[in-house]
Structure formats: structure tokens, C-alpha cells
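K.L.:
I am attaching a structure below and will ask some questions about it afterwards.
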Amino acid sequence: MKYLEYKERREQGTFNFPIAFYHQTPHSPRYYMPYHWHRHYEIIHILSGAFHLTLDNDTRTYHAGDVIFITDGSLHGGSPQDHTCVYDCVVFDLQILVKDNHACNRHIQDIMSHKITIHTLLSEYNPSILPVIDNLTDALSGKRTGYEFMTQGCLYQLIGIILEDHLYEEDKTDTKSAEQLNSIKNVLAYISENYYNNISLDSLAKIAGMNPKYFCRYFRSMTERTPIDYLNYYRIECACEMLSTKDISIKETAISCGFNDESYFIKTFHKYKGITPKQFIKTEF
């Protein structure tokens with residue numbers, strides 16, 4: 001079973017209302033955000049503390065009050081800087097705003113076809129965006145009668161502000177950069193499918209179509225980890241998910257996550273989590 005996917009396959013919301021809301025605190029199962037991508041758009045609102053986010057080729061630290069817009073297909077992931085960080089995520093299919101004979105369709109299609117790319121840090125440009133995001137998350141968290149109308153209304157209002165204030169860039173696709181990002185996505189997909197097997201740096205570089213030295217440098221520039229370091233980090237995240245959701249021994253978990261040596265697994269687990277697997281189990285149950 002695969003516990004984490006770089007290309008997210010879980011449904012967001014429902015078929016008729018493909019919008020999902022996640023309030024992330026230190027006690028949330030997905031408080032730390034593994035690198036992934038999806039066909040949906042995402043809005044992240046930092047409520048308190050700081051969050052270190054990598055979005056495609058750009059890595060920044062965002063702070064309380066920041067509103068981050070993530071375009072579909074963008075590779076992203078990161079982590080809170082400490083346990084004071086609390087943040088909201090709204091993940092949605094923009095297609096829900098496309099209606100028959102609707103005046104807004106052309107602009108929404110421009111966004112979905114990537115003719116325009118919305119700025120990442122929206123709150124930097126217009127303070128009126130924050131009340132719209134507050135209303136959006138309030139509607140989604142409360143789910144009171146009529147919240148579906150409120151939610152879509154907030155999204156229309158948000159896009160209206162973006163268009164009015166020109167908070168976007170015209171399409172300026174860097175073909176080489178796009179190809180490199182797709183190569184990294186292929187590598188991440190391979191890791192998610194094979195993390196429990198032996199994986200070498202050379203094999204990952206081959207999948208990326210790069211020589212090992214350049215691949216290692218490029219991968220680290222994006223994730224701030226070497227490929228093998230990130231592979232082990234990913235394996236430990238999978239191990240945490242297993243230990244939290246299955247009645248499974250530490251030895252079985254180690255083998256299931258690609259560690260042939262239980263003592264090395266425990267050492268690696270402690271490196272990334274600061275506690276042993278046994279201590280982790282005690283905190284979960």
C-alpha cells in the first residue's frame with residue numbers, strides 16, 4: 001500500500017462540489033507537507049508562525065497573514081518552521097466556476113489554459129484579499145446552509161480582485177525549466193511507487209535524464225535535500241503513516257519501507273523525527 005503520493009490521487013471535496021478545506025495544526029496528520037503535485041488549485045493561508053514552502057523552483061518562508069496561491073500542476077511541499085505554525089489549505093477544481101453562458105468563463109479558461117499565471121503571494125499586493133479568504137475558510141469550515149454559494153462567491157470575488165489589480169503574469173513559459181520540472185516529477189513518481197525497494201542515485205538520475213552530479217545539484221536546489229536524503233525522509237514519512245494506521249511491528253515497518261536493517265531504520269527514524277519508532281507509537285496511542 002502506498003501511504004503518500006507525489007501526484008495526489010485523493011478526491012478533493014465531492015464530485016458535485018470539488019472543493020476541500022484543511023485546517024492544519026501540529027496535531028494534524030498532514031501538518032508537514034511532502035512534495036507533491038495535483039491537477040487542482042490551492043490556496044494556503046498562514047494563520048500563525050512561519051511556513052517554509054518550495055514551489056517549483058522557488059523556496060521561500062511565509063509568515064502569518066500571507067495568502068499563497070498555487071497553480072495546478074505545480075510541484076510543492078514544505079514544513080512549518082516550529083510548532084506555533086497553523087495554516088489553512090483550500091484545494092479546489094477551478095472547473096466548478098465554469099458555467100453555461102457565463103460572463104466569467106473566458107477569464108477562467110485563460111487561467112486554466114495557463115495563458116495567465118496568478119501571482120503566488122496574493123496578500124502582498126492587495127489587503128482586501130484577506131477578508132475574502134477569511135470568508136472562504138469560514139464558509140468551508142462551518143458548512144452552514146448555503147455554504148456552497150458562499151464558497152463559490154468568494155472564489156469569484158477573489159478572481160475578480162486578481163483580474164482588476166492585474167495580479168498575474170502573461171504566459172512566459174521557460175521550456176527548459178518546464179522539462180526539468182517534469183523530470184523531477186517523474187523521479188518523485190518513481191520513488192512513491194518503489195520506495196520499499198533498493199534505489200540508487202544512478203537509477204534516479206537516469207529517470208531524470210541527467211548525469212548524477214547535475215541531477216543531485218538540481219534536486220537539492222529544489223528540495224534542499226540530496227536525492228538519497230529525500231528518499232530516506234520519504235520512507236520515514238511512510239513509516240509514520242504505517243505505525244499510525246496499522247497494527248504492525250517496528251521490524252515489519254522497517255522492511256516495508258525499504259530498510260533491511262532494523263537498527264539502521266531506528267537510527268534513521270530518530271534522525272528525521274527526533275524520537276524513536278517506539279516513542280512515536282506511544283505518542284500516537
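K.L.:
Select, from Ser141, Ser128, the only residue that is open to solvent by 60 Å² or more (accessible area, probe 1.4 Å), out of contact with any Cys (no Cβ under 8 Å at 6 or more places or on another chain) and closer than 24 Å to Ile44 by Cα.
P.N.:
On the way: Ser128 fails: open to solvent by 60 Å² or more (accessible area, probe 1.4 Å).
The match here is Ser141.
K.L.:
Taking the criterion of being touching a strand residue (DSSP E or B) at 6+ places or on another chain (Cβ under 8 Å) and among the β-branched types (Val, Ile, Thr), would at least one residue in the range 223-232 satisfy it?
P.N.:
yes
K.L.:
Exactly one condition in (1) over 28 Å from Leu75 (Cβ atoms); (2) part of a loop (DSSP other than H, G, I, E, B); (3) open to solvent by 70 Å² or more (accessible area, probe 1.4 Å) is not met by Asn198; state its number.
P.N.:
Result: Asn198 passes all but (1).
K.L.:
Going through Ile275, Ile255 one at a time, which residue ends up being over 22 Å from His27 (Cβ atoms), open to solvent by 10 Å² or more (accessible area, probe 1.4 Å) and modelled with pLDDT of 90 or more?
P.N.:
Details: Ile275 fails: over 22 Å from His27 (Cβ atoms).
Result of the check over Ile275, Ile255: Ile255.
K.L.:
Please return the ranges of strands (runs of 3 or more DSSP E) entirely within the range 44-124 where 3 or more residues are over 14 Å from Leu155 (Cβ atoms) and within 17 Å of the chain's Cα centre (by Cα). Walk me through how you get there before you give the answer.
P.N.:
Details: elements: 50-55, 58-63, 67-70, 76-80, 86-92, 116-118.
In the range 44-124, 50-55, 58-63, 76-80, 86-92 are the strands (runs of 3 or more DSSP E) which contain 3 or more residues that are over 14 Å from Leu155 (Cβ atoms) and within 17 Å of the chain's Cα centre (by Cα).
K.L.:
Taking the range 69-98 only, how many residues are closer than 15 Å to Gln24 by Cα, touching a His at 6+ places or on another chain (Cβ under 9 Å) and touching a residue at least 40 places away in the same chain (Cβ under 8 Å)?
P.N.:
Here the count works out to 10.
K.L.:
Within the range 151-166, count every residue that is over 14 Å from Val90 (Cα atoms) and over 22 Å from the mean Cα position of the chain (by Cα). Please lay out each step first, then the result.
P.N.:
Quick first cut of the range 151-166, residues over 14 Å from Val90 (Cα atoms) only: 153, 156-157, 159-166.
Checking the rest, the ones that are also over 22 Å from the mean Cα position of the chain (by Cα) come to 153, 156-157, 160-166.
Selection size over the range 151-166: 10.
K.L.:
Cβ-Cβ distance below 9 Å, separation of 6 or more or different chains: which pairs start in the range 213-224 with a residue that is aromatic (Phe, Trp, Tyr) and end on one that is modelled with pLDDT under 90 and surrounded by fewer than 14 Cβ atoms within 10 Å (Cβ to Cβ)?
P.N.:
Final answer for the pair search is none.
K.L.:
Within the range 10-62, can you find the residues that are among the acidic types (Asp, Glu), under 20 Å from Pro80 (Cβ atoms) and surrounded by 19 or more Cβ atoms within 10 Å (Cβ to Cβ)?
P.N.:
Initial filter on the range 10-62 (among the acidic types (Asp, Glu)): 11, 42, 56, 58.
In the following step, the residues that additionally are under 20 Å from Pro80 (Cβ atoms) were identified as 42, 58.
Scanning the range 10-62 gives a single hit, Glu42.
The values are calculated or read from the model by the stated rules, or taken from the named source; none is laboratory data. Since we're looking at a predicted model, the values are computed, not measured. Cβ sites come from the backbone with ideal geometry, for glycine too, and all protein chains shown count toward neighbours. Note: accessible area is taken over every heavy atom of the protein model, side chains too, but ligands, DNA and RNA are not part of it. Shrake-Rupley method; radii C 1.70, N 1.55, O 1.52, S 1.80 Å.
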